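**Q** Sharing a structure, written as structure tokens. Questions coming.
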Amino acid sequence: MRKWPLLYQILAVNSAIVFIGAAAGTTITRTLAQQSSIALTVSFASLGLLLSIAANYVLLRLALRPLLVLQTVSELVAEGDLRIRAEETAGEPNLARLAHTFNTMLDRLEEDTLALEHSRRLTEQLTQQVLSAQEEERRRIARELHDETAQSLATLGIYIDTVLSTEAEHMTPSLHNGLSRVREVVDRTLVGVRTIIADLRPSLLDDLGLAAALRWQAQHRLEADGLRVDLQIRGEGRRLPPPVETALYRILQEAITNILKYASASYVEIDLDLSRPDLVTARIEDDGRGFDRDTLGPTTHGQGVGIFGMQERANLVGGTLQIDSAPGEGTEVRVCIPTDLALAAYANCQPHESIVAAVQSS
Ligand SMILES: Nc1ncnc2c1ncn2[C@@H]1O[C@H](COP(=O)(O)OP(=O)(O)OP(=O)(O)O)[C@@H](O)[C@H]1O
Ligand SMILES: [Mg+2]
């Protein structure tokens, strides 16, 4: 009977109760016909009612048990356990079918989740490879510009200086003037080439580390552009694993580029905390025009990927990036990266309340 649909089970049990009640009632009435009384009728009816309630209760409890199991399973699935499945065999056939459909949906969900996770990992690996290749290419171009172009320009400058000092008396004033102007152009070009080299891959970052490279950016890009900069660094001199240094440097470099491009700021505050063993945090805040984060997104010209790139770089090394901004209220970028990717799960990457306060009190 447990394989019957619930409706039939209820009908069968209630029919059995009515049948037994009618048969027993008739027999009892015949036997006790003489002593029949109201009390006997009431007790007999109450007994029948109690029997009916108890039988229906037990039947419904047993029949609906799979629904309770299904509810527990759904709750576990909602909590993220995609491996669990509902029992399909026991109980009422319609509920067994429901459990089967539910399990089929879970199978699909698990497959899709695994496929999604797989493609997410693949994208992450590809992004990692693209970024490494880009970094390597930048390093190569920077090296070539340094070893070839910058060296040649420096040598050319020395030649011109030598000619200007040794051959001055054989030159006409206009030739001397012309050569001096060429010398100035060589100097300016050399400064420009060195800036490009530093932007591509500053040797400071490889040789002296993040703090030195950031200081260079603050001085040669922000202050050189007329901005007031308050740069606070804790744990200066500490070296981090190269992927962490590169990621953080590129994130801060993009933040600085954005300030110069869009913020129209007059003051920039930069905090870098290298002193913690498990993670490194940085904050860069400007007092510029700010922007509405909801309007962000890549443009069709391939622009507008800077912030996305910052986020990606932070994620790839297990870190977090937050940007707070609103029109007219400046922009604050906070980044936190575990010093070791293996520690990512344990690192408490909550950006510091105020690194500045800590720097001032130390
Ligand atoms: N510090 C800032 N102050 C004001 N606006 C900003 C600041 N940083 C970013 N923005 C706004 O956010 C937008 C997106 O920045 P994002 O760096 O993602 O792209 P982009 O700089 O326009 O292009 P790309 O970085 O790809 O060359 C910018 O167009 C700008 O409007
Ligand atoms: Mg940008």
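**Q** Run PRO242 past the list (1) more than 30 Å from ASN315 (Cβ to Cβ); (2) away from ligand 1 (no atom under 16 Å from the Cβ) and report the number of the one that doesn't hold.
**A** (1)
**Q** A follow-up question, please. Output the residues belonging to the range 255-282 that are in a loop (DSSP other than H, G, I, E, B), near ligand 1 (Cβ under 9 Å from one of its atoms) and aliphatic (A, V, I, L, M).
**A** Residue satisfying the conditions is ALA265 alone.
**Q** In addition: Could you tell me whether the range 284-293 includes any residue that is more than 9 Å from ligand 1 (Cβ to nearest atom), β-branched (Val, Ile, Thr) and under 24 Å from GLN219 (Cα atoms)?
**A** Looking through the range 284-293, none of the residues is more than 9 Å from ligand 1 (Cβ to nearest atom), β-branched (Val, Ile, Thr) and under 24 Å from GLN219 (Cα atoms).
**Q** Quick check on the range 289-307: of everything there that is in contact with a Gly (Cβ under 9 Å, 6 or more places away or on another chain) and at pLDDT 80 or above, which residue is surrounded by the fewest Cβ atoms within 10 Å (Cβ to Cβ)?
**A** Only one residue tops the list, namely ARG289.
**Q** Checking LEU60 against (1) over 60 Å from the mean Cα position of the chain (by Cα); (2) surrounded by 13 or more Cβ atoms within 10 Å (Cβ to Cβ); (3) among the aliphatic types (A, V, I, L, M), which single condition isn't satisfied?
**A** Every condition holds for LEU60 apart from (1).
**Q** If you don't mind, another one. Would a scan of the range 266-275 turn up a residue that is more than 29 Å from LEU341 (Cα to Cα) and either within 16 Å of ligand 2 (Cβ to nearest atom) or among the basic types (Lys, Arg) (or both)?
**A** yes
**Q** (1) crowded, with 19+ Cβ neighbours inside 10 Å; (2) within 16 Å of ligand 2 (Cβ to nearest atom); (3) not polar (S, T, N, Q): which one isn't true of ASP199, the others all being true?
**A** Checking ASP199 against (1) crowded, with 19+ Cβ neighbours inside 10 Å; (2) within 16 Å of ligand 2 (Cβ to nearest atom); (3) not polar (S, T, N, Q), the one that fails is (1).
**Q** Can you tell me which of THR257, THR246 is under 23 Å from ILE197 (Cβ atoms) and within 13 Å of ligand 2 (Cβ to nearest atom)?
**A** Only one candidate qualifies: THR257.
**Q** Give the range 155-194 a look and list any residue that's surrounded by 14 or more Cβ atoms within 10 Å (Cβ to Cβ), within 21 Å of TRP216 (Cβ to Cβ) and without any contact (Cβ under 8 Å) to a residue 40 or more places away in the chain, or say none.
**A** ASP187, THR189
**Q** Would you confirm whether or not the range 218-226 contains a residue that is surrounded by fewer than 16 Cβ atoms within 10 Å (Cβ to Cβ), among the aliphatic types (A, V, I, L, M) and within 30 Å of ASP273 (Cβ to Cβ)?
**A** yes
The values are calculated or read from the model by the stated rules, or taken from the named source; none is laboratory data. Remember, predicted model here, so these are calculated numbers, not experimental data. Cβ atoms come from the backbone with ideal geometry, glycine included; neighbour counts cover every protein chain shown.
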